[in-house]
Amino acid sequence: MGEVIILRHGETEWSRAKRHTGRTDLPLTEHGEEQARAVAPLLDGRTFARVLSSPAGRARRTAELAGLTVDATDPDLWEWDYGGYEGVTSARIREDRPGWYLWEDGVIPGDAEHPGESVDHVGERADAVLRRIRPLLPHGDVALVAHGHLLRVLTARWLGLEAAAGRLFKLETGTLSTLGTEHDRPVIASWNVPPPGRIPYP
C-alpha cells in the first residue's frame, strides 16, 4: 500500500504574522519558496499514483518548487473558511472574546467570499478527499499539498477521530508528514518533518 504524503505550503506574509489565512490567496514569501525547494529531497524515490493540490496559488507553487507535478486541484483541499476572522490573529480575536479557541469556539460569519464554516464541515471536506484517494493507494503514494488546519483535520479523520481532534497535530509551514497503516490500521508514519538543513526564519 502507498502512503498519503501531506505537504503544508511554505510561508506567506500572513502565516508569518499568524493571521488566519483561509480563502485569501497570498503568494509565498522568499523564505516560503526556499522552504518548498528544500522539501524536494524528502520526496526522492517515491512513486505517486496521484498528486492533488489545493486550488490556492501558495499550495500549487509549493508543489512546483518541491518537484511535484500536480495532477489536479481539489476544492475540498482549500483551507478552513475563517469567515469574519479572515486575516485576523488569534491574539486580536481574544481581545473581544477572551479564551477564544478556534477548535472549540469556531468562527463568525464574514462577507460573501468568506461566509465561514464549522470544524465539522471542514471534516466533511476532508472525508471526501480521503474517499477519493483511498482506492489509489494500492498503486502508489498520494501527495496532498494544502493548508495547516485542513491537513490537521484530514489527519484526524484518517485516524478515525473527530474533526476537532486536528487540534492535537501542530503543523508548521513547509513541512512533510506521512499517513500510513500498520497491521491494516491507520497510523501517522511521520509528522511535521522539516526539510534537510531547514532554513531558519529570518
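Before moving on, here are some points about what is shown:
- Condition check for Arg157: modelled with pLDDT of 95 or more and over 20 Å from Ala56 (Cβ atoms): yes
- Any chance Asp120 is surrounded by fewer than 15 Cβ atoms within 10 Å (Cβ to Cβ), in contact with a helix residue (DSSP H, G or I) (Cβ under 7 Å, 6 or more places away or on another chain), at pLDDT 95 or above and over 27 Å from Ala36 (Cβ atoms): yes
- Of all residues making up the range 145-187, the number that are surrounded by fewer than 18 Cβ atoms within 10 Å (Cβ to Cβ) and closer than 17 Å to Thr21 by Cα: 3
- Filter result for Leu26 (touching a helix residue (DSSP H, G or I) at 6+ places or on another chain (Cβ under 8 Å) and outside any loop (DSSP other than H, G, I, E, B)): no
- Only one of the listed residues (Ala66, Ala72) is buried (at least 23 other Cβ atoms within 10 Å of the Cβ) and either acidic (Asp, Glu) or in contact with a strand residue (DSSP E or B) (Cβ under 8 Å, 6 or more places away or on another chain) (or both). That residue is Ala66.
- Scanning the range 166-199 for residues that are at pLDDT 95 or above, in a loop (DSSP other than H, G, I, E, B) and of a type in the set (Val, Ile, Thr) yields a total of 2.
- Output for the range 49-101, where each listed residue is over 12 Å from the mean Cα position of the chain (by Cα), part of a loop (DSSP other than H, G, I, E, B) and small (Gly, Ala, Ser): Ala66, Gly67, Gly87, Gly99
- All positions within the range 29-48 that are closer than 21 Å to Val88 by Cβ and either assigned to a helix (DSSP H, G or I) or within 16 Å of the chain's Cα centre (by Cα) (or both): Gly32
- Cβ separations smaller than 6 Å between residues 6+ apart or across chains give the following pairs from the range 134-152 residues that are in contact (Cβ under 8 Å) with a residue 60 or more places away in the chain and closer than 15 Å to Glu11 by Cα to residues that are of a type in the set (Gly, Ala, Ser) and not in a helix (DSSP H, G or I): Val145/Ser53; Ala146/Ser54.
- Each residue in the range 1-22 was checked for being modelled with pLDDT under 95 and either charged (D, E, K, R) or in a strand (DSSP E or B) (or both), and 0 of them qualify.
- Residue within the range 108-116 that is buried (at least 18 other Cβ atoms within 10 Å of the Cβ) and touching a Leu at 6+ places or on another chain (Cβ under 6 Å) present: no
- Residue within the range 127-137 that is touching a strand residue (DSSP E or B) at 6+ places or on another chain (Cβ under 8 Å), surrounded by 18 or more Cβ atoms within 10 Å (Cβ to Cβ), assigned to a loop (DSSP other than H, G, I, E, B) and not basic (Lys, Arg) present: no
- Test: residue in the range 134-141 that is more than 15 Å from the chain's Cα centre (by Cα), more than 18 Å from Arg50 (Cα to Cα) and among the acidic types (Asp, Glu): no
The values are calculated or read from the model by the stated rules, or taken from the named source; none is laboratory data. Being a predicted model, the structure only gives us computed values, none of them experimental. Note that each Cβ is placed from the backbone with ideal geometry, even for glycine, and that neighbours are counted across all protein chains shown.
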